[in-house]
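To start, the structure under review is shown below, and the notes come after it.
Nothing in this text is a laboratory measurement; each read-out follows from the coordinates by a stated rule. All values reported here derive from a predicted model rather than from experimental measurement. Please note: Cβ atoms are built from the backbone with ideal geometry, for glycine as well, and neighbour counts cover all protein chains shown.
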Amino acid sequence: MSISLERLRRCSIAVDLGASRTRVYLKRTGLIVDEPTVAAVNTRTGAVIAVGAFAERMTGRTPDHIRVVRPVAGGTVVDIAMAQRMLRLLLGNKLRRAWRRKPLPSAAVCVPHDADPLAQRAAMETLAGLGAKRVELVDTLIATAVGCGLPVERPEATMIVVCGAATTHVAVLSLGSIVAAERVPVGGETVDHAVIQHLRNAHALMLPTQAVRPLHLVLGDTALASLGAEVHGRDVATGLARSVQIDVEGVRNAIRTPLTGILDAISAVLRRCPPDLVADLADRGIMLAGGSAVLPGLDTLLREATGVPVNIADNPGVCAVEGLGAMLEGKVQPHVLSSAIT
Ligand SMILES: Nc1ncnc2c1ncn2[C@@H]1O[C@H](COP(=O)(O)OP(=O)(O)OP(=O)(O)O)[C@@H](O)[C@H]1O
Ligand SMILES: [Mg+2]
């Protein structure tokens, strides 16, 4: 996947279609959409009745004829028509105003580093269906590294760990290219499932996925964690609503298990890197990005296991679309990015 900064500068919007959130950056305006990649559909009429945050709130609370769907899975658009309808509704007339000035514009979209031709085609078709004349594909890892402000153009190694909803990508970049990259099926959703499973086993409590996030906040705050946390769910046996005081350490351990998969990916990437670049990483450390970068204990786990400094990007969830935005605005120097190799 080669990147042409010249062509990217001609694009007017940048889109990051994630499994969990959709982000859109409009040139000279900034981030205009940051909403869950969710649509609620009336199965009787086929009409989309809600998108984004409102549709996500409906998850698990809908009658039989309303289905909550996610048109993107694992970084790939799996339902092109639904993704287009969702994007159209999320953008509303924000885009119409900008595109009226310039009909048939170009758009940039980021796709996972290891996206196959079918996944690349799906991303292109989604944007083409919205009226884009040309669609430029950019490797999410490069866009994220630029968005984190990493000096990707220099002949020294930088390691980036992008922890998303369903997957985590680990990569080492140098001279604007990817030297080695690895993907593991571990992300925020995997961790949420581990927490739900733990509460089911340890407290016989069924917890809805949406109730896990407040628990993360408690775990991330040492003062709050020492007080313990009360969660409300449904008793596995009786089916009645019940509250329990959870054991904070038990939940922390449950989270740690899936996160160790990320360590395996880091070792695999390091094994494929030339020794000179590995030596650079000891000084520069690891940059953590993606929405799940703030998962409680992830940075400490990586720091302890690798012995190198670990930094969390400012606003880790939007790094990819902000990086893409920087390329659209011409803030990235032409020699920075050439092409991505495995
Ligand atoms: N404050 C937080 N604490 C814990 N987890 C969080 C927090 N904010 C977001 N997350 C998790 O981050 C994940 C979303 O990350 P991100 O926005 O990078 O996903 P995405 O880009 O849609 O997914 P992908 O890149 O994997 O397709 C969700 O699983 C969510 O649970
Ligand atoms: Mg993402």
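Structure above, values below:
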| quantity | calculated |
| --- | --- |
| Sorted by Cβ density within 10 Å, fewest first, the residues His169, His113 | His113, His169 |
| Ordering of 257-269, 283-295 by packing [mean C-beta count within 10 Å, highest first] | 283-295, 257-269 |
| Helix-derived mean residue ellipticity, 222 nm - over the chain, DSSP H n ≥ 4, -39500 (n - 2.57), to 500 | -12000 deg cm²/dmol |
| The stretch 119-219 - Rg over Rh from alpha carbon coordinates, Kirkwood radius | 1.12 |
| Other-chain or far-sequence residues with amide H under 5 Å of Leu175's (modelled H) | Arg154, Glu156 |
| Mean separation of Cα contacts under 8 Å (6+ apart) over length of the chain, as relative contact order % | 21 percent |
| From phi via Karplus (6.51, -1.76, 1.60), per-residue ³J(HN,Hα) for the stretch 130-146 in Hz, x at Gly/Pro | 8, x, 7, 6, 10, 10, 9, 9, 10, 4, 4, 5, 5, 4, 5, 4, 5 |
| Residues whose placed amide H lies under 5 Å from that of Thr22, excluding near-sequence neighbours | Glu35, Thr37 |
| Translational diffusion of the stretch 151-312, µm² s⁻¹ [Kirkwood Rh, Cα pairs; Stokes-Einstein; 37 °C; 0.692 mPa s] | 194 µm²/s |
| Three-way shape call for the chain based on the alpha-carbon gyration tensor, with the a/c threshold at 1.5 | oblate |
